[in-house]
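Engineer: This is the structure I have questions about; it appears just below.
Bear in mind that the values in this text are calculations on the coordinates, not laboratory data. Bear in mind that the values here come from a model prediction, so they are computed numbers and not experimental data. Using ideal geometry, Cβ is built from the backbone for each residue, glycine included, and neighbour counts are taken over all protein chains shown.
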Amino acid sequence: MNYLNRTIHADGSYPAPQSTPAPDLIPLTDEQAAMVVRYSGFVVIEEETDGSGAISCKVTPNLDAWEAWKAAQPDPMDGLRAAKEDALSAASHAAIVDGMDVATTHGTEHFSLQETDQINLTTAYNAILSGAAGYPYHADGALCRMFTAEEITAISNASIAHKLYHTTLCNHLLTWARRAETEDELEGITYTAEGLPDDLAQNMAQILAAAQNV
């Protein structure tokens, strides 16, 4: 046997049924209790008392109230989408600041792109644009040395391409996440261009190709 508190919530729903009897609770069959749960407490209770004083009740769904309540509830996908967007944005930022490899006169060297690195690289490139033949800079884990104008230009161009790729990838992944309709689809979105829907993959390829001609 199940029991229902007579006190209705402010939104018009009954509280969840309980298994422990108490004074003035409405007795429910298992089927009736399941109906209360199924319709989130939005039911109509009609009680009857027989000649012996036994109380029985009829439970029917209050469909209008239940539908109105459901329509007012936030879409659970909204929270999942927001979390996925945060994760993708963080992955994009991490990929950008991790930097890229560039071929220099000392071989292939790695250059991080933390904010200070980006500022320093912009300063170095501006000096080259102003006519400097070289500029002091350093690769990750290496001593500072004079980089030629060609090296600074190559590093700057590589950083621009690196940032463009990851910001473009992130933009397309965020678009995918915002239009995902199921939790499984959302979970399947990871920080990679592999698996992008055809329209997004095609658009991303067009953007990157066009950028190379700028």
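Engineer: Would you mind calculating the relative contact order of the range 76-212 from Cα pairs under 8 angstrom and at least 6 residues apart, reporting the percent as a whole number?
Structural biologist: Value for the range 76-212: 26 percent.
Engineer: Enter the per residue convex hull volume of the range 2-71, computed from alpha-carbon coordinates, in Å³ rounded to the nearest integer.
Structural biologist: On the way: hull volume 5.6 nm³, N = 70.
About 80 Å³ per residue, rounded to a whole number.
Engineer: Sequence-distant or interchain residues sharing an amide H contact under 5 Å with residue 28, placed H: which?
Structural biologist: 2, 3, 4
Engineer: If a paramagnetic tag sat 7 Å from the Cα of residue 209 along the Cα-Cβ line, which residues of the range 154-174 would have the backbone N under 20 Å from that point?
Structural biologist: Residues 161-162, 164-173 qualify, since their backbone N sits under 20 Å from the label point.
Engineer: Let me ask something else. Scan around residue 39 for amide H atoms under 5 Å from its own, H built in the peptide plane at 1.01 Å from N, and keep only partners 5 or more places away or cross-chain.
Structural biologist: none
Engineer: Determine the sum of side-chain charges near residue 181: Lys and Arg each +1, Asp and Glu each -1, restricted to other residues whose C-beta is under 12 angstrom from that of residue 181.
Structural biologist: -1
Engineer: Right, another one. What list of ³J(HN,Hα) couplings, whole Hz, do you get for the range 16-22 from phi and the Karplus terms 6.51, -1.76, 1.60, once you set θ to phi - 60° and write x for glycine and proline?
Structural biologist: 5, x, 10, 8, 8, x, 7
Engineer: Still on this structure, please answer the following. Gap in Å between the Cα centre of the range 117-138 and the Cα centre of the range 163-194?
Structural biologist: So the separation of the two Cα centres works out to 34 Å.
Engineer: Also: Output ³J(HN,Hα) for the range 2-8: one whole-Hz value per residue in order, computed from phi by the Karplus curve 6.51 cos²θ - 1.76 cosθ + 1.60 with θ = phi - 60°, and x for Gly and Pro.
Structural biologist: 10, 9, 10, 5, 6, 6, 8
Engineer: Still on this structure, please answer the following. In the chain, with Lys and Arg counted as +1 and Asp and Glu as -1 at Cβ, which of these residues, 172, 153, 209, has the Cα nearest the positive end of the dipole, that is, farthest along it?
Structural biologist: With unit charges placed on the Cβ atoms, the residue in question is 153.
Engineer: Give the span of the chain's Cα atoms along each principal axis, as three whole-Å numbers ordered largest to smallest.
Structural biologist: Taking max minus min along each principal axis of the Cα atoms, the chain gives 106, 35, 26 Å.
Engineer: Right, something else. Residue by residue through the range 180-190, which ³J(HN,Hα) values in whole Hz follow from phi under the Karplus form 6.51 cos²θ - 1.76 cosθ + 1.60 (θ = phi - 60°), with glycine and proline marked x?
Structural biologist: These are the phi-based 3J(HN,Hα) values: 4, 9, 10, 5, 5, 4, 5, 5, x, 7, 10 Hz.
Engineer: Something else: Could you name the aspartates and glutamates in cross-link range of residue 70, using Cα to Cα under 13 Å and dropping any fewer than eight places away on the same chain?
Structural biologist: 11
Engineer: Sequence-distant or interchain residues sharing an amide H contact under 5 Å with residue 57, placed H: which?
Structural biologist: Placed amide hydrogens put 48 under 5 Å from residue 57.
Engineer: Which of 89, 51, 113 sits closest to the plus end of the dipole of the chain, meaning its Cα is farthest towards the positive end, when Lys and Arg get +1 and Asp and Glu get -1 on the C-beta?
Structural biologist: Checked the options; the winner is 113.
Engineer: Next question. Taking the Cα centre of the range 75-198 as origin and charging only Cβ (+1 Lys, Arg; -1 Asp, Glu), how large is the dipole, in debye to the nearest 20? Intermediate values should be presented prior to the final figure.
Structural biologist: Numbers: 6 positive and 19 negative charges, 124 e Å.
Roughly 600 debye for the range 75-198.
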